[in-house]
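K.L.:
Starting off with a structure, shown below.
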Amino acid sequence: KGVEQPLTLYDVQGISGAYRLFLPARDDTLVALREGILLRYTVLEGQQLSGMVGTGSMVKLSMQGAEVHSDQSIAPLSHLKLQLIGCHGEALPGDLYGKVVGSPTEPRCGFSVHFTAIPPQLMVLLRQRLAG
């Protein structure tokens with residue numbers, strides 16, 4: 001904002017020379033789940049809930065994001081609050097937050113989301129589902 005001429009941006013992965021420090025490689029590969037994870041989501045507008053609530057199922061997962069099949073598509077770059085649902089219909093403790101980054105890889109309604117905040121108790125659950 002406020003820049004009159006184009007800027008060159010770099011994706012810095014590390015520093016060579018005397019420091020020899022490099023960021024670890026990220027694996028954003030989505031893994032298809034044997035059984036989807038049910039969820040409710042709410043679209044956020046700023047810091048407020050928009051009132052738009054939907055349901056869906058995570059069908060592909062990584063520790064950075066997921067693919068969600070839903071009855072509705074969500075606009076890219078929308079911010080979401082996601083509440084995971086247990087196998088008995090109960091809401092699991094903690095909320096995931098994410099940003100919609102695209103459409104599902106299959107020609108279906110839904111969206112791809114990049115997680116922006118994962119509470120520790122859900123981190124454990126997601127790791128278990130990826131390992132299983």
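K.L.:
Are any residues in the stretch 7-34 exposed (fewer than 11 other Cβ atoms within 10 Å of the Cβ), modelled with pLDDT of 90 or more and either aromatic (Phe, Trp, Tyr) or part of a strand (DSSP E or B) (or both), and if so, which ones?
P.N.:
GLY14, TYR19, LEU21, ALA32, ARG34
This table checks each residue for (1) open to solvent by 30 Å² or more (accessible area, probe 1.4 Å); (2) under 19 Å from HIS114 (Cβ atoms); (3) more than 14 Å from the chain's Cα centre (by Cα).
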position: GLY54; (1), (2), (3): no, yes, yes
position: ALA66; (1), (2), (3): no, yes, no
position: HIS69; (1), (2), (3): no, yes, no
position: SER73; (1), (2), (3): yes, yes, yes
position: HIS79; (1), (2), (3): yes, yes, no
position: LEU82; (1), (2), (3): no, yes, no
position: GLY86; (1), (2), (3): no, no, yes
position: GLY94; (1), (2), (3): no, yes, yes
position: LYS99; (1), (2), (3): yes, yes, no
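K.L.:
Still on this structure, I have one more. Give the residues of the stretch 30-87 that are closer than 27 Å to GLY132 by Cβ and among the β-branched types (Val, Ile, Thr), sorted by residue number.
P.N.:
VAL31, ILE37, THR55, VAL59, VAL68, ILE85
K.L.:
Where the second residue is of a type in the set (Phe, Trp, Tyr) and the first is at pLDDT 90 or above and lies in the stretch 82-97, which pairs have Cβ atoms under 8 Å and are six or more apart or on separate chains?
P.N.:
Taking only residues 6 or more apart or on different chains, the pairs are LEU82/TYR41; LEU82/TYR97; GLN83/TYR41; LEU96/PHE115; TYR97/PHE115.
The values are calculated or read from the model by the stated rules, or taken from the named source; none is laboratory data. As the structure is a prediction and not an experimental result, all values here were calculated from the model. Note: ideal-geometry Cβ built from the backbone for every residue, glycine included; neighbour counts use all protein chains shown. The protein model used for the area step is the full one, side chains on, heavy atoms only, and it has no ligands, DNA or RNA in it. Shrake-Rupley method; radii C 1.70, N 1.55, O 1.52, S 1.80 Å.
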